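Read the structure below first, then the notes.
Here, each number is a calculation from the coordinates, and none is a lab measurement. What you see is a predicted model, and the numbers here were worked out from it, not measured in a lab. Cβ placement follows ideal geometry from the backbone for every residue including glycine, while neighbour counts extend to all protein chains displayed.
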Amino acid sequence: MRFTALGGCSEVGANAYHLEIDGTGILLDAGIHPKKYGLESLPLIEVVRRKEIDAVLISHCHIDHLGALPVILKYFPTPRVFMTQPSLPIAMRMLHNTVTVMGRLREEKGIEEYPFYTHEDIDLVAPLFQPMDYDTPFLIPANYGSRTSHVEVEFLDAGHILGSSGIMIRSDEGKVFYTGDTCRHDQTVIKGAMYPEEQVETLILENTLCASVDAERKRRGSEILRLAAEIQKVAARGGSVLIPTFALGRTQEILAILDQLKTRNRIPDIPILVGGMGRVFSKIYDRFSLQTRRKDPELLFKEIATKKIGPKTQLTEKLVKDPSIVVATSGMLSEKTPANRLAQAMLEDPKHGIFFVGYLDEDTPGARLLNATPGEDVVLDSGEPPRIRNCDVQSFRFSAHSHRGEILQLIESLNPRKVILVHGDAGAIGWTAETIRQNYPGMEVIVPKAGVEVTL
Ligand SMILES: [Zn+2]
Ligand SMILES: [Zn+2]
């Protein structure tokens, strides 16, 4: 068995991992780096071109796991691409939206290699996508030579976003479990992850929050009450609240939380505005409400009163006049996104609030804003002048990832011989590596380097 990471090493980057198991080539995820632009954002395509790929397995449809898929498929005409049933419509919308975003970045930032693929390219590869049920093992068809594959795959609910999966791979060479992005605890909309009950030889483990003591200590319930209190303060002084989020997953969790708070009169009944892609994904959440594991299967986003985010100029005026809550992408305030533009418009007015609800990578506009003190200049877009931070800026924890205590519980229960640490910064991976070495001396810890093959 051989493993090669093509990205996602000591960072949350272009997650893509090649696994050669029992003569079968598998690519686990095909992401693009969420913070980089242009060719730099792709996984190591040169390395993947030298490999064989019989199947691509997509754990979930966040862009750091899916965005490079059409690029990789250009080199491999025949592999099947397996994902869960709910992931299929999400993947199509996410990839088409990525074409649009790349086209805009080409114009606004002059990145000539964009778009990596077109709407037509996506339509041409879409017939390779195969939606599969959760908890239902299937064999990977071998494409190369005449051999028959004996590699069996099963998707287990990862509790991270709609359609997310942990991927169990069974073969004569042993069992491998890839966590994808995993969340052991329940969120407001979806229930926590399901894990294999059998022992695995190799665990490929995400580490997003393993450097954070805070993530382990903060309780969801008290964070929800704190959010309500802070929204009340902003609304009482006539301001608006911006909640920057990913359109997929976090937007739906926040909408469900806001709806609960409104119903219980914990926040005032002010309008909630939601961006276009957030609305698209909410519809897909509704479509699968009875087929996926939900805290409340009767919760439907179409029944939560929201408004569309309107044109930029009107919106800025509106937010100054009428208090509202705006849920807009991107979660880290990436440049040229609706949330970034709104934050620039709201930043200098002390009555407004900008509330972060997710993981902020260092060196993103979101992290710069959160770390700025009141009255300090902040640059949210490299092409725009700095602005003074006068508004209220807060950060809340509504994580869609397991905290480090939960990651350790998983290691304990699966009891693997080898653990490959991915999808986390150097601090997070370092903490997990050290903790495993101390607590499980017989377990081999592998911290992969991009492009370097490891024999398992
Ligand atoms: Zn994710
Ligand atoms: Zn991820």
* **Estimated FRET transfer efficiency when R0 is 45 angstrom, pair residue 75-residue 321 (beta carbons, to 0.05)** => 0.25
* Asked: How do 196-207, 97-108, 361-372 rank on mean C-beta neighbours within 10 Å, highest first?
  -> 196-207, 361-372, 97-108
* State which entries of 36/336; 308/351; 233/262 exceed 19 angstrom in Cα-Cα distance in the structure shown. => 308/351
* Asked: Using a ≥ b ≥ c from the Cα gyration tensor of region 1-81 (square roots of the eigenvalues), is it rounded, prolate or oblate, where a/c under 1.5 gives rounded and otherwise the larger of a/b and b/c decides, a/b for prolate?
  -> prolate
* Sketch the reach of a paramagnetic label on residue 197 as a point 7 Å from Cα along Cα-to-Cβ, and name the residues of region 400-422 whose backbone nitrogen lies under 13 Å away. => none
* Loop chymotrypsin sites (Phe, Trp or Tyr not before Pro), region 139-239, which have at most 16 other Cβ atoms in a 10 Å radius of their Cβ (DSSP) -> 144
* Using the Karplus curve 6.51 cos²θ - 1.76 cosθ + 1.60 with θ = phi - 60°, work out ³J(HN,Hα) for each residue of region 62-77 in order, rounded to whole Hz, and write x for Gly and Pro. => 5, 5, 6, 10, 10, x, 9, 4, x, 5, 5, 5, 4, 8, 10, x
* Order of 215-225, 77-87 by packing, highest average Cβ count within 10 Å first? -> 77-87, 215-225
* Asked: Helix 404-414: angle to the longest alpha-carbon principal axis of the chain, degrees 0 to 90, nearest 10?
  -> 20 degrees
* When you count, for each residue, the other Cβ atoms within 10 Å and take the mean per peptide, how do 277-285, 237-245, 58-66 rank with the highest first? -> 58-66, 237-245, 277-285
* Ascending count of other beta-carbon atoms within 10 Å, so fewest first, for 387, 266 -> 266, 387
* Asked: How far, in nm, would the chain grow between residue 336 and residue 130 when pulled straight, counting 0.36 nm per residue and subtracting the alpha carbon separation?
  -> 70.8 nm
* Structure fact -> Calc'd 3J(HN,Hα), region 263-272, phi into Karplus 6.51 cos²θ - 1.76 cosθ + 1.60 (θ = phi - 60°), Hz, glycine/Pro = x, comes to 4, 8, 6, 8, 10, x, 7, 9, x, 10
* Asked: Amide H neighbours of residue 85 under 5 Å, counting only residues 5+ apart in sequence or on other chains, H built in-plane at 1.01 Å?
  -> 132, 134
* Rounded, prolate or oblate: which one fits region 219-395, using the alpha carbon gyration tensor with axes a ≥ b ≥ c (rounded when a/c is under 1.5, else prolate when a/b beats b/c, else oblate)? -> prolate
* Return one number: the angle in degrees, 0 to 90 and rounded to the nearest 10, between the long axis of the Cα atoms of helix 312-321 and the longest principal axis of the Cα atoms of the chain. => 50 degrees
* Asked: Can you give me the relative contact order of the chain as a percent, contacts being Cα pairs under 8 Å and 6 or more apart?
  -> 18 percent
* Structure fact -> Per the C-alpha gyration tensor (a ≥ b ≥ c, the square roots of its eigenvalues), the chain is rounded if a/c is under 1.5, else prolate if a/b beats b/c, else oblate; here it's prolate
